[in-house]
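Trainee: Here it is: the structure, laid out below.
The values are calculated or read from the model by the stated rules, or taken from the named source; none is laboratory data. Computed from a predicted model, the values in this text were never measured in an experiment. When we count neighbours, we look across all protein chains shown, and the Cβ atoms used for this are built from the backbone with ideal geometry, even at glycine.
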């Protein structure tokens with residue numbers, strides 16, 4: 001069985017190629033430091049168009065389990081088309097985060113669905129900064145906007161963002177503490193709910 | 001210089017990619033998505049993908065501002081002084097100045113949100129609605145219907161800025177919202193003045209406005225329920241010269257457009 005498995009194997013709603021995605025994943029997994037003997041399972045929800053982006057990166061039974069909305073790989077200028085640079089960044093970030101989970105540094109981190117939005121954005125920032133240094137095309141200002149949305153439009157949050165973006169090593173307790181400091185400086189009321197696209201869109205219609 | 005400039009002759013550089021409404025309607029994912037319970041569609045920070053949804057909407061506002069500038073500019077030029085009072089053209093020229101400023105603000109806001117010019121497609125139906133050969137139809141179709149939509153969109157974005165704690169977005173949207181209220185008021189005032197002695201012509205123009213309003217309700221894009229990303233801004237519409245009856249009618253048009261879209265997707269009517 002191949003190390004990288006993509007589901008679905010054939011896309012019917014979008015113009016994505018599972019073989020291409022698997023190839024990019026193999027290449028990026030090596031760059032991101034995911035050990036060769038770890039299987040990688042990727043599930044892509046092709047029903048979710050832009051702007052309904054969302055992704056999770058977990059480790060299940062020793063294998064890397066990534067989930068993406070199709071929107072994460074979609075070209076904003078050409079509906080249903082695959083945007084390779086964007087897809088590479090998304091895959092690199094998720095593989096780096098999965099690599100974190102495989103290490104002792106993030107052993108205590110909850111599953112992605114149980115992270116707060118602020119923690120999730122902080123971890124994504126840490127991952128995207130590293131992806132940039134791996135040579136991938138990243139979007140720092142977009143990431144900072146998303147980070148601010150959930151960690152506050154404050155100087156404390158901006159300083160935290162800079163630290164996360166430029167860091168090569170971080171631990172879960174450090175990341176948790178950084179988010180707590182951002183929350184303490186954020187004048188907004190605590191959010192009512194979490195913005196987890198996967199949970200929302202998997203609800204039954206009944 | 002050519003009068004009544006067709007949409008395909010608008011000046012754009014290579015960053016801009018045109019979208020068509022048909023592309024969205026025929027996208028097979030739309031029907032699938034409509035079958036899924038994605039919860040409230042209102043633009044709020046705790047909604048899934050709120051950041052990217054706001055970024056895409058901001059890009060849509062930016063290209064809308066370009067087209068609003070082009071539309072108002074055409075109205076100052078497309079008609080002579082016998083067809084349109086000079087004072088009306090002066091108002092349109094003032095609107096051009098406002099829309100130019102809005103373009104610049106929107107570019108800066110998009111940059112603030114990490115969006116590049118051309119990151120998303122440009123739908124040109126706003127300009128297309130601004131090409132009516134009768135100046136009165138432009139007042140209703142553009143100033144009252146489209147600028148009215150701008151009131152709803154800016155108010156929604158301002159509220160998003162407030163609730164997400166983004167002072168830059170909230171302040172800029174509030175600033176632009178004030179201009180849009182003025183633009184709609186100009187449309188309301190000129191419609192009344194130009195049709196004072198011709199109620200039939202006024203009714204025809206209002207009928208065109210209803211058509212544009214329905215088109216821009218975009219199958220549930222705008223309305224007054226949690227299913228609508230853009231909320232009808234009643235208070236600001238009243239300030240802009242809309243009567244309560246007109247706003248109620250617009251709300252009904254939006255509901256109708258939403259139910260038609262659900263029916264087209266083979267779904268049961270929403271409650």
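Trainee: If you go through region B:239-256 one residue at a time, do you hit one that is within 18 Å of residue B:57 (Cβ to Cβ) and either at pLDDT below 85 or out of contact with any strand residue (DSSP E or B) (no Cβ under 6 Å at 6 or more places or on another chain) (or both)?
Mentor: Pass one, region B:239-256, residues within 18 Å of residue B:57 (Cβ to Cβ): B:254.
Within this subset, residues satisfying the condition of being either at pLDDT below 85 or out of contact with any strand residue (DSSP E or B) (no Cβ under 6 Å at 6 or more places or on another chain) (or both) are B:254.
Yes, the conditions are met somewhere in region B:239-256.
Trainee: Could you tell me whether any residue of region B:112-123 is in a helix (DSSP H, G or I) and buried (at least 20 other Cβ atoms within 10 Å of the Cβ)?
Mentor: Initially, region B:112-123 is screened for residues in a helix (DSSP H, G or I), giving B:112.
From what is left, the residues that are buried (at least 20 other Cβ atoms within 10 Å of the Cβ) are none.
Looking for residues that are in a helix (DSSP H, G or I) and buried (at least 20 other Cβ atoms within 10 Å of the Cβ), one finds none in region B:112-123, hence no.
Trainee: While we're looking at this one, here's another question. In region A:42-61, is there at least one residue being more than 14 Å from chain B (Cβ to nearest Cβ), farther than 30 Å from residue B:43 by Cβ, touching a residue at least 60 places away in the same chain (Cβ under 8 Å) and assigned to a loop (DSSP other than H, G, I, E, B)?
Mentor: Looking for residues that are more than 14 Å from chain B (Cβ to nearest Cβ), farther than 30 Å from residue B:43 by Cβ, touching a residue at least 60 places away in the same chain (Cβ under 8 Å) and assigned to a loop (DSSP other than H, G, I, E, B), one finds none in region A:42-61, hence no.
Trainee: Find the helices (runs of 4 or more DSSP H) located wholly in region A:83-195 whose residues include 2 or more that are within 17 Å of the chain's Cα centre (by Cα), surrounded by 15 or more Cβ atoms within 10 Å (Cβ to Cβ) and more than 14 Å from chain B (Cβ to nearest Cβ), and list them. Show your work before the answer.
Mentor: Numbers: elements: A:84-102, A:117-133, A:140-151, A:155-166, A:172-185.
In region A:83-195, A:84-102, A:117-133, A:172-185 are the helices (runs of 4 or more DSSP H) which contain 2 or more residues that are within 17 Å of the chain's Cα centre (by Cα), surrounded by 15 or more Cβ atoms within 10 Å (Cβ to Cβ) and more than 14 Å from chain B (Cβ to nearest Cβ).
Trainee: Moving to a separate point now. Taking the options B:190, B:175, name whichever one is out of contact with any strand residue (DSSP E or B) (no Cβ under 6 Å at 6 or more places or on another chain) and closer than 27 Å to residue B:59 by Cβ. If you could, list the steps in order and put the result at the bottom.
Mentor: Values: B:190 fails: closer than 27 Å to residue B:59 by Cβ.
Unique residue meeting the criteria: B:175.
Trainee: Given the options B:134, B:80, B:91, name the one that is touching a residue at least 12 places away in the same chain (Cβ under 8 Å), surrounded by fewer than 19 Cβ atoms within 10 Å (Cβ to Cβ) and more than 23 Å from residue B:157 (Cβ to Cβ).
Mentor: On the way: B:80 fails: touching a residue at least 12 places away in the same chain (Cβ under 8 Å); B:91 fails: surrounded by fewer than 19 Cβ atoms within 10 Å (Cβ to Cβ).
It is B:134.
Trainee: Could you say which residue among B:43, B:109 is closer than 19 Å to residue B:15 by Cβ, within 14 Å of another protein chain (Cβ to nearest Cβ), over 15 Å from the mean Cα position of the chain (by Cα) and crowded, with 19+ Cβ neighbours inside 10 Å? Steps first, answer last, please.
Mentor: Values: B:43 fails: closer than 19 Å to residue B:15 by Cβ.
Exactly one residue qualifies, and that residue is B:109.
Trainee: Continuing with the same structure: Take residue B:191 and tell me if it is more than 14 Å from chain A (Cβ to nearest Cβ), crowded, with 19+ Cβ neighbours inside 10 Å, in a helix (DSSP H, G or I) and touching a helix residue (DSSP H, G or I) at 6+ places or on another chain (Cβ under 7 Å). If you could, list the steps in order and put the result at the bottom.
Mentor: Details: more than 14 Å from chain A (Cβ to nearest Cβ): yes; crowded, with 19+ Cβ neighbours inside 10 Å: yes; in a helix (DSSP H, G or I): yes; touching a helix residue (DSSP H, G or I) at 6+ places or on another chain (Cβ under 7 Å): yes.
So residue B:191 passes the test.
Trainee: Output yes when any residue across region A:75-82 is buried (at least 21 other Cβ atoms within 10 Å of the Cβ), in contact (Cβ under 8 Å) with a residue 12 or more places away in the chain and in contact with a helix residue (DSSP H, G or I) (Cβ under 9 Å, 6 or more places away or on another chain), and no when none is.
Mentor: yes
Trainee: Something else: Counting only residues that are under 23 Å from residue B:36 (Cα atoms) and more than 17 Å from the chain's Cα centre (by Cα), how many does region A:1-45 have?
Mentor: 10
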